[in-house]
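Right, one structure below, let's go through it.
The values are calculated or read from the model by the stated rules, or taken from the named source; none is laboratory data. Bear in mind that the values here come from a model prediction, so they are computed numbers and not experimental data. As a convention, Cβ positions derive from the backbone with ideal geometry for all residues, glycine included, and neighbour counts pool all protein chains shown.
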Amino acid sequence: VDLTKCRDFSKVDVAEILAKIQTARGVLTFPNQSPNLSLNDQLFFASLFGEPETHTAIKGVPGYPQILEIIREKDAPVVFGEDWHSDHSFQSWPASFSFFRATGTMTPIGTNNTQFAHCIDAWNDLCPKLKSICFDLKASHSSLKAYGKAEQGGHAKNSLAAMQGTKGMIASDKPLLPDQYHPVV
């Protein structure tokens, strides 16, 4: 699939990609993309799956507020997104998808790796008693812990600390969202 041609995708093409994402347990790769894949192409491709959102805690690429350039420097003491997290679950209506484009050299194992977990099968395998216990639980999804300063309850090695140690990643001037409680996230 050549994502520079995404404007030519039919509804059937998009439905097939969506089915592959679900079959692949949420992670689908499109290797060997053209170096000419533009920010406009990326934004248009994302829009085929819903309304692209603007991150509430980080400023996007100039002219493309929905697109973040995640800068992960090999020798940074705190690396953006390195710890276990769920993209955007701190928003009142979290995004269904995250799209990534790797443009740099990958670093060695144990430094700046992204791994994915698909939890639907884990949920389906739970016994009914454990599921019933889980239904009564509430999970707090916090932008303050991820992007807040220490006095706001932010973790010492959170995404804000990582952004402050990199070039180009800038915190948004918007207020951080209050903790969200989701029944299904």
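Among the residues of the stretch 17-37, those identified as surrounded by 13 or more Cβ atoms within 10 Å (Cβ to Cβ) and of a type outside the set (A, V, I, L, M, F, W, C) are ARG25, GLY26, GLN33.
Looking across the stretch 108-130 at every residue that is outside any loop (DSSP other than H, G, I, E, B) and surrounded by 10 or more Cβ atoms within 10 Å (Cβ to Cβ), the one that is modelled with the lowest pLDDT is identified as ILE120.
Within the stretch 82-98, track down each residue that is under 17 Å from LEU48 (Cα atoms) and among the hydrophobic types (A, V, I, L, M, F, W, C). Once the filter is applied, which keeps residues that are under 17 Å from LEU48 (Cα atoms) and among the hydrophobic types (A, V, I, L, M, F, W, C), the stretch 82-98 yields ALA95, PHE97. Contact map, the stretch 48-65: residues that are without any contact (Cβ under 8 Å) to a residue 60 or more places away in the chain paired with residues that are among the hydroxyl-bearing types (Ser, Thr, Tyr), Cβ distance under 8 Å, separation 6+ or inter-chain. Pairs shown: PHE49/SER96; GLY50/SER96; GLY60/THR54; PRO65/THR54.
To keep it simple, each residue is scored yes or no on (1) at pLDDT 85 or above; (2) surrounded by 13 or more Cβ atoms within 10 Å (Cβ to Cβ).
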{"site": "ALA102", "(1), (2)": "no, no"}
{"site": "MET106", "(1), (2)": "no, no"}
{"site": "LEU144", "(1), (2)": "yes, yes"}
{"site": "MET163", "(1), (2)": "no, yes"}
{"site": "ALA171", "(1), (2)": "yes, yes"}
{"site": "TYR181", "(1), (2)": "no, no"}
{"site": "VAL184", "(1), (2)": "no, no"}
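Considering the stretch 46-83, the residues that are small (Gly, Ala, Ser) and within 16 Å of ALA102 (Cα to Cα) include one that is surrounded by the fewest Cβ atoms within 10 Å (Cβ to Cβ), namely GLY81.
For every residue, the table says whether it meets (1) out of contact with any strand residue (DSSP E or B) (no Cβ under 6 Å at 6 or more places or on another chain); (2) under 23 Å from MET169 (Cβ atoms); (3) in a loop (DSSP other than H, G, I, E, B).
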residue	(1), (2), (3)
LEU18	yes, no, no
ARG25	yes, no, yes
ALA46	yes, yes, no
THR54	yes, yes, yes
LEU68	no, yes, yes
VAL78	yes, yes, yes
HIS88	yes, yes, yes
PRO94	yes, yes, yes
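Out of ALA146, ALA161, one residue alone is touching a residue at least 24 places away in the same chain (Cβ under 8 Å), over 15 Å from the mean Cα position of the chain (by Cα) and not in a loop (DSSP other than H, G, I, E, B). It is ALA161.
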